[in-house]
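Q: Before anything else, here's the structure in question.
The values are calculated or read from the model by the stated rules, or taken from the named source; none is laboratory data. Owing to the predicted nature of the structure, the values given are computational and were not obtained by experimental measurement. Don't worry about glycine lacking a Cβ; one is built from the backbone with ideal geometry, like all the others, and counts go over all protein chains shown.
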There are 2 protein chains.
Amino acid sequence: METVLSALADQSRLTLVDRLARGPATAGELAALLPIARPGVSRHLRVLREAGLVEVHRDAQRRIYGLRPQPLEAIDTWLSRYRALWEKRLDALHAEIARGKSERETAE
Amino acid sequence: METVLSALADQSRLTLVDRLARGPATAGELAALLPIARPGVSRHLRVLREAGLVEVHRDAQRRIYGLRPQPLEAIDTWLSRYRALWEKRLDALHAEIARGKSERETAE
DNA sequence: GGCTTATGTACCTTGACTGTTACGTAACGA
DNA sequence: TCGTTACGTAACAGTCAAGGTACATAAGCC
């Protein structure tokens, strides 16, 4: 959990993950998205790989990276423990809106 | 987004957030949960505060910390862009189960 | 006014992280 | 086979973050 959050706590890696959500890409394609030199991208990809967020397949001299959603699902699961905290707030808001609306309707 | 993920990418702060999800606590109560010295906890709490994950109220010489769910909601929203990636997989799994294990050949 | 309790800030050290350049490796293609 | 393409690792410098100790602040208590 902490490993995945650490891996995502970086704008460069977030950019890579965002891109990979739309489908696989080669290391070169991914590197083109970032304003840093290639070795830096390689290390970012390694961090994502070690966090289980991406997987690699070789295609001749190319490396095809793809997103592994499992760690993201783990975050989603962890987050679900807190979801009630803001859904309660939203429910209250919705109730407020509904109440205001009905009051207006009965008033008019 | 990156700020919140960075704040959460630390086991100590994750512990604090987990605790605060069950209700407010004083800095002292929170410090007792971590195996580090008090000033370290103060700094962790500051990181959480600057990420908008907690808020503080003074009560005489005590500081009462409470969880602010909004940043967590932001992560949930960000995550929703990826949710289809594993829900598709789960749907396929459910379909597979519903269909029964009669014919299996070119799957995956 | 002192003394204690509760908590934060200042400062320092150490270790990890990010980016760079230089180099290594592996596969394709003329 | 030799050059090119596509990636990665190695080594290094600068920055950042986490922990510790010492000190500051602030409010209650006697």
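Q: Sort out which residues of segment A:53-67 are more than 12 Å from chain B (Cβ to nearest Cβ) and on the phi < 0 side of the Ramachandran plot, and write them in order of number.
A: A:Val54, A:Glu55, A:Val56, A:His57, A:Arg58, A:Asp59, A:Gln61, A:Arg62, A:Arg63, A:Ile64, A:Tyr65
Q: Another question about this same structure. Checking B:Asp91 against (1) at pLDDT 95 or above; (2) closer than 30 Å to A:Gln70 by Cβ: exactly one of these is not met. Which one?
A: (1)
Q: Being in a helix (DSSP H, G or I) and more than 9 Å from DNA strand D (Cβ to nearest atom) is the filter here; which residues of segment B:43-68 pass it?
A: Residues satisfying the conditions are B:Leu45, B:Arg46, B:Leu48, B:Arg49, B:Glu50.
Q: Which condition number does A:Tyr65 fail, the rest of (1) surrounded by fewer than 15 Cβ atoms within 10 Å (Cβ to Cβ); (2) in contact (Cβ under 8 Å) with a residue 12 or more places away in the chain being met?
A: Every condition holds for A:Tyr65 apart from (1).
Q: Please enumerate the residues belonging to segment B:5-37 that are touching a residue at least 24 places away in the same chain (Cβ under 8 Å), outside any helix (DSSP H, G or I) and more than 14 Å from chain A (Cβ to nearest Cβ).
A: If the condition is that a residue be touching a residue at least 24 places away in the same chain (Cβ under 8 Å), outside any helix (DSSP H, G or I) and more than 14 Å from chain A (Cβ to nearest Cβ), then B:Ala25, B:Thr26, B:Ile36 are the ones that fit.
Q: Residues being more than 13 Å from DNA strand D (Cβ to nearest atom) and of a type in the set (S, T, N, Q): count how many of those fall in segment A:4-42.
A: Adding up the residues that qualify gives 2.
Q: Here are the criteria: (1) modelled with pLDDT under 95; (2) closer than 25 Å to A:Leu8 by Cβ. Tell me which single one B:Glu55 does not satisfy.
A: (1)
Q: Given A:Arg22, A:Arg13, A:Arg38, which one is closer than 17 Å to B:Arg81 by Cα and within 11 Å of DNA strand C (Cβ to nearest atom)?
A: Among A:Arg22, A:Arg13, A:Arg38, only A:Arg13 is closer than 17 Å to B:Arg81 by Cα and within 11 Å of DNA strand C (Cβ to nearest atom).
Q: While we're looking at this one, here's another question. Report whether or not B:Gly40 is loosely packed, with under 15 Cβ neighbours inside 10 Å, assigned to a helix (DSSP H, G or I), touching a helix residue (DSSP H, G or I) at 6+ places or on another chain (Cβ under 8 Å) and touching a residue at least 24 places away in the same chain (Cβ under 8 Å).
A: yes
Q: Still on this structure, please answer the following. Among (1) buried (at least 16 other Cβ atoms within 10 Å of the Cβ); (2) within 14 Å of chain B (Cβ to nearest Cβ), there is one condition A:Gln70 misses while meeting the rest; what is its number?
A: (1)
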